[in-house]
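Read through the structure below, which is laid out as structure tokens, and then see the notes.
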Amino acid sequence: MTCTTTEYGSAVSIMGNTSNGHMMAIEKWYAGWFEGCNAVRVRSSGTFNLLPIETECGGVQALQIPMPVTTRTFDTQQSNNPSPMRYYYLEYRNGTGLDTGMTPSVIVVASEDIAAQNRVCARSVQLDMNPSTNAFNGMTQGQTYMDPAGGVSFTVTSITPALATVSVTLSAAAMP
């Protein structure tokens, strides 16, 4: 699999899109703005309702899903060393409020585990879930992503303005 990176190219983060008012879920989690009700570390198969990123604490807004291969890395133009990718992070952007104009979708980011606040935050990369277009796309209703190594998949089963429902399948045999 060949990938390219675009430094500060994320359309869903204030680091890449100054007209977007929200940080990504992984950034909010690292900053300590997400607590138990906002973020879930998925360790078994299940179905999860993701609330939009800007909703006040009232449900899950971020999922951390382990990758079956923990030796993956990516390089960026500004990093001196490869950055590890051990988890997928999913968040829902519904195209309202500060996200007005965005296509409602589940955004997928790859990165390391959430670091303690006294440590440097890991670099992350947004995955383009429809690389046949010129935009960075999130996942839309009915779309499934299967990890190339197997053992992990997630499907956006429904999207409404209020929430996105995501079904996660983890194979215990594929987990490190």
task: Given the conditions (1) more than 16 Å from the chain's Cα centre (by Cα); (2) within 20 Å of Val156 (Cβ to Cβ); (3) without any contact (Cβ under 8 Å) to a residue 40 or more places away in the chain, report the number of the one that Thr96 does not fulfil.
output: (3)
Extreme residue, most open to solvent (accessible area, probe 1.4 Å), among residues of the stretch 158-176 that are of a type in the set (S, T, N, Q) and within 21 Å of Asp99 (Cβ to Cβ): Thr160
- prompt: What number of residues in the stretch 51-76 are surrounded by fewer than 16 Cβ atoms within 10 Å (Cβ to Cβ), β-branched (Val, Ile, Thr) and in contact with a helix residue (DSSP H, G or I) (Cβ under 7 Å, 6 or more places away or on another chain)?
  reply: 0
query: Considering the stretch 13-56 alone, what residues qualify as being at pLDDT 60 or above and aliphatic (A, V, I, L, M)?
result: Met23, Met24, Ala25, Ile26, Ala31, Ala39, Val40, Val42, Leu50, Leu51, Ile53
- prompt: Looking at Thr144, Thr155, Thr160, which one is modelled with pLDDT of 85 or more, over 12 Å from the mean Cα position of the chain (by Cα), polar (S, T, N, Q) and under 15 Å from Gln64 (Cα atoms)?
  reply: Thr155
field: Residue count for the stretch 130-157, restricted to those that are open to solvent by less than 30 Å² (accessible area, probe 1.4 Å), under 18 Å from Met102 (Cβ atoms) and part of a loop (DSSP other than H, G, I, E, B)
entry: 1
Filtered residues of the stretch 117-129 (kept if in a loop (DSSP other than H, G, I, E, B), open to solvent by less than 60 Å² (accessible area, probe 1.4 Å) and closer than 25 Å to Leu170 by Cβ): Ala122, Leu127, Asp128, Met129
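The values are calculated or read from the model by the stated rules, or taken from the named source; none is laboratory data. All values derive from a computational prediction rather than experimental measurement. Don't worry about glycine lacking a Cβ; one is built from the backbone with ideal geometry, like all the others, and counts go over all protein chains shown. The protein model used for the area step is the full one, side chains on, heavy atoms only, and it has no ligands, DNA or RNA in it. Shrake-Rupley method; radii C 1.70, N 1.55, O 1.52, S 1.80 Å.
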